[in-house]
1. Taking the stated definitions as given, is Ser112 free of Cβ contacts under 8 Å to residues at least 40 places away in the same chain, open to solvent by less than 50 Å² (accessible area, probe 1.4 Å) and part of a loop (DSSP other than H, G, I, E, B)?
2. Considering each residue of segment 51-63, count those that are part of a strand (DSSP E or B) and either small (Gly, Ala, Ser) or open to solvent by 30 Å² or more (accessible area, probe 1.4 Å) (or both), and give that number.
3. Please count how many residues of segment 1-25 are in a loop (DSSP other than H, G, I, E, B) and closer than 16 Å to Leu66 by Cβ.
4. Got a sec? Which strands (runs of 3 or more DSSP E) wholly within segment 64-106 have at least 2 residues that are without any contact (Cβ under 8 Å) to a residue 40 or more places away in the chain and touching a Phe, Trp or Tyr at 6+ places or on another chain (Cβ under 8 Å)?
5. Quick one: in segment 26-50, which of the residues that are open to solvent by 40 Å² or more (accessible area, probe 1.4 Å) and not in a loop (DSSP other than H, G, I, E, B) is nearest to Leu4 (Cα to Cα)?
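The values are calculated or read from the model by the stated rules, or taken from the named source; none is laboratory data. The structure presented is a predicted model; accordingly, all values stated were derived computationally and were not measured. Note: ideal-geometry Cβ built from the backbone for every residue, glycine included; neighbour counts use all protein chains shown. Heads up: the accessible areas ignore ligands, DNA and RNA and are worked out on the full protein's heavy atoms, side chains in. Shrake-Rupley method; radii C 1.70, N 1.55, O 1.52, S 1.80 Å.
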Amino acid sequence: MPTLITSPTIVAAAGTRPKKIEEFVGRVNSDTSAVSVARMTSPAGWVEPGQTPEFDEYTLVLRGLLRVTTRSGVVDVRAGQAVIAHRGEWVQYSTPGADGAEYVAVCVTAFSPDTVRRDS
């Protein structure tokens with residue numbers, strides 16, 4: 001039988017301004033380690049610390065602009081576009097646009113503070 005997720009769990013976010021993370025599927029909300037699915041709402045000017053995660057992250061931008069910075073360049077991802085950040089690649093996310101951004105992030109395997117490997 002399918003498992004209905006009736007509501008997300010709000011989890012703490014890293015970064016320079018408050019960002020809302022609503023985990024629907026993952027280690028916290030559904031005790032799922034294979035994948036995590038979360039809706040992010042980031043304000044204008046938010047910047048996350050750089051990281052070299054041990055998981056692939058698939059991100060679909062619903063509203064606004066998500067900037068993805070890597071060692072090889074910068075990708076601006078707009079509403080209706082998606083980006084894949086590959087495991088083991090250094091990446092930094094930010095929302096420089098005036099309206100911030102809303103996006104869905106899918107991590108395979110599921111996001112974990114232990115495997116995100118944020119810069120110190």
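1. For Ser112, the condition - free of Cβ contacts under 8 Å to residues at least 40 places away in the same chain, open to solvent by less than 50 Å² (accessible area, probe 1.4 Å) and part of a loop (DSSP other than H, G, I, E, B) - is not met.
2. Number satisfying all stated conditions: 4.
3. So the first thing to find is which residues in segment 1-25 are in a loop (DSSP other than H, G, I, E, B), and the list is 1-8, 12-19.
Those left that are additionally closer than 16 Å to Leu66 by Cβ: 13-17, 19.
Result for segment 1-25: 6.
4. On the way: elements: 73-78, 82-85, 91-95.
Because the criterion is at least 2 residues that are without any contact (Cβ under 8 Å) to a residue 40 or more places away in the chain and touching a Phe, Trp or Tyr at 6+ places or on another chain (Cβ under 8 Å), the strands (runs of 3 or more DSSP E) in segment 64-106 that meet it are 82-85.
5. Val37
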